[in-house]
Amino acid sequence: MRNVICTSTFLIALFVLAASTPTLWAADVQFSATVDRTTVGITESFVLTLEIKGAGLSSADPKLPSLDHFAVISGPNQSTSFQFINGRASSSKTLSFVLKPQMVGNLSIGSAELTLSGKLYRTDPIAITVTAGAGQQPPGGLSQQTQPAPTTQPPALHIKANASDLFVEVTADKSQAYQGEQILLTYTLYTRLNVSSYEISKLPGTAGFWAEEFPSPAQPEVRDVTVGGQRYRAATIRRVALFPTRSGDLTVEPLEVSCQVQVMDRSRRSNDPFDMLFDSPFMRTRTEERFMATEPLILKILPLPESGRPANFSGAVGKFDLEVTLDPQEAKTNEALTMKVSYSGWGNIKMLPSPDFNAPPDFESYDPKESVQVGKAGRGISGTKTFEYVLIPRFAGLQKIPPITFSFFNPTTKSYQTLSGGGFEVRVGQGAGVSQMPASLGVSKEDVKLLGQDIQYLKTPGKLRPLATAGGLPGLYNLGMILPPLIVLLYLIGTRLMGGSVFQARLRSRRAFWRAQNDLKKLDKVAAGSSAEKLTVFYGGLHRTLLEYLGEKLNIPAAGLKEEEVLDHLAGRDLPAAQVEEIREIFHTCNWARFAPESGQASQMDQALTKARAVINTLEASGEKSI
């Protein structure tokens, strides 16, 4: 205890002596600016340090340099130190800033200024090179104790970025895939620092892909790995399955991450034994925010082969099974039957189309009820999609329900496969309440009417008045007699001048335009409503309106009208590629919102409606020039 009191008294005496003896202070003042590195990536951060050494620094307040092209992430972080060596006293003051560049190129940090005792000091400018990628790549590749089993798939891609003590990596399970094939991306954070928290600050853009997110754990599991001969702690921070919607070289944009890390504050360390006496490990650390990002990931997407493509192929890619059930298999007239069609397997389950099923003429049918169950396991996206049909037999006898067929492309075997299920014979007995009507008479359900609605009675005449006076017939009567022949005459002149088929096509096109405009006005009211099912109704109606309009413009029969068929026709016309892509994105938005209605919001509905209206108006304004 006596030693501690003596040491404290000695140190206090030294401070008092130094403060009261100005001749002992160093006369020179040194003012400098340094950075921890001069080459950084656009998503990275670096540290700018301003250091002042000399005497009488209590009033030292430097003026920061120009930082026009940099964002100040944190700072100033200030530290001071005092030294008394060989009878000479000196002190230092350090200000540090964490900066992040805002543009790519050769940038410059200007001179900082300091006025002390009437004298002006300036630091030298610092040149900073900002690259589009990472400023420094981590050494070596990823090496783990266990290696994955050999596979026939193209090699996986590993893209790393940022400084070697902390970086993020994106891994694709395949670098080449077919259109519609599942690609699994894994984002992993590697660190040799003490990371207290992290945040994904910017999700990557995935234009040309349908994306399915995997749930992220609240606390990622940390494991030990080896990178370039050095030990790292690694944690998976994001997993996502991508389904390419078109072929070609598609790019997954960078994912950006910010981390709060504990780093050593080297500015506080010195060789002075008195500093070391009071210094502790807890006082030599500071929290610093680091930014990093993956580099763009380019994936090669192959088109689906034309050879062997079935006529009923609708774009499904993956590995699927088909199950068709009917309950019950015996019934009476007007009793409902339930037929369930279930697709299950691996692939984009949500986007599987409804079966190509037409109910027999002796059955009344309704639009199927859809249900989807999606599983997100280690291998990727799997699940089951079920379509439930209600069929009501109207006539007794042995009725046949045709089988369901389903075709898909299997990327593992690189071939098309067709499945078939169902095909039922239903014995229908005569139910109560409706008389038996043989099917051979060709009477359809629309021909069955109630007797009270089949006969229209004459109305008893009321008060009559003369149609015309002695002066002749009314003017409206004359106009009504002249106008129909005039319209027919104009129609004949138009067909003669333009050609019959061209004139008919233009009339049909104008009718389609006004019908689409009326449908869009109705969707405005749906979007403004508060119905629990308004998202499904809105996006289903928008998809149907745009599809039917384009079908009329392209002269495609309404029966069996499909989205891919319309897009293929548009791609073959003299239409800008950007406009075709805009239409594709609208269809994509509608499909996504119908199968994931929780993602739809009022602003998104307004945006989708505005895009659809703009597309229709643009196509109509172009007339026959492009479509």
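A few points about this structure:
- Accessible area of Ile482 (1.4 Å probe, protein heavy atoms only, ligands and nucleic acids ignored): about 110 Å².
- Apportionment of accessible area to carbon and sulfur, the range 180-267, percent (1.4 Å): 47
- Alpha-carbon centroid distance for the pair the range 334-361 / the range 295-316, whole angstrom: 24
- For the cross-link pairs Lys202/Lys553; Lys332/Lys521; Lys350/Lys400; Lys400/Lys522, the ones whose C-alpha atoms lie over 32 Å apart are Lys202/Lys553; Lys332/Lys521; Lys400/Lys522.
- Of all aspartates and glutamates in the structure, those lying under 18 Å Cα to Cα from Lys53, and not within fewer than 8 positions of it along the same chain, are Asp28, Asp61, Glu113, Asp124, Asp265, Asp272, Asp275.
- Surrounding net charge for Gly375, when Lys and Arg each add one and Asp and Glu each subtract one, Cβ distance under 13 Å: +3
- If R0 equals 41 Å, the separation of the Cβ atoms of Ala132 and Thr34 corresponds to a calculated FRET efficiency of about 0.95.
- Computed from the alpha carbon positions, the gyration tensor of the range 355-434 leads to an equivalent ellipsoid with semi-axes of 35, 16, 9 Å, biggest first.
- Surface composition of the range 293-366: carbon and sulfur atoms hold 46% of the protein heavy-atom accessible area at a 1.4 Å probe.
- Interchain or long-range residues, amide H under 5 Å from Leu304's placed H: Gln179
- Annotation: per residue accessible area for the range 293-388 equals 51 Å², rounded to a whole number [probe 1.4 Å, protein chains only].
- Stretchable slack from Ala211 to Ser415, in nm (0.36 nm times residue separation minus alpha-carbon distance): 71.0 nm
- Reachable aspartates and glutamates, given that their alpha-carbon falls under 13 Å from the alpha-carbon of Lys385 and they are not under 8 places away in the same chain: Asp321, Glu323, Glu370
- Rounded to the nearest 20 debye, the dipole magnitude of the range 323-370 is 220 debye, with +1 charges on Lys and Arg beta carbons, -1 on Asp and Glu beta carbons, and the Cα centre as origin.
- Extension gain from Glu370 to Arg223, taking 0.36 nm per residue of separation minus the Cα-Cα distance: 48.8 nm
- Taking the centroid of alpha carbons for each part, the range 118-133 and the range 31-46 are 10 Å apart.
The values are calculated or read from the model by the stated rules, or taken from the named source; none is laboratory data. Here the structure is a predicted model, which means the values were calculated and not measured. Don't worry about glycine lacking a Cβ; one is built from the backbone with ideal geometry, like all the others, and counts go over all protein chains shown. Surface accessibility is based on the protein's heavy atoms, side chains included, excluding ligands, DNA and RNA. Shrake-Rupley method; radii C 1.70, N 1.55, O 1.52, S 1.80 Å.
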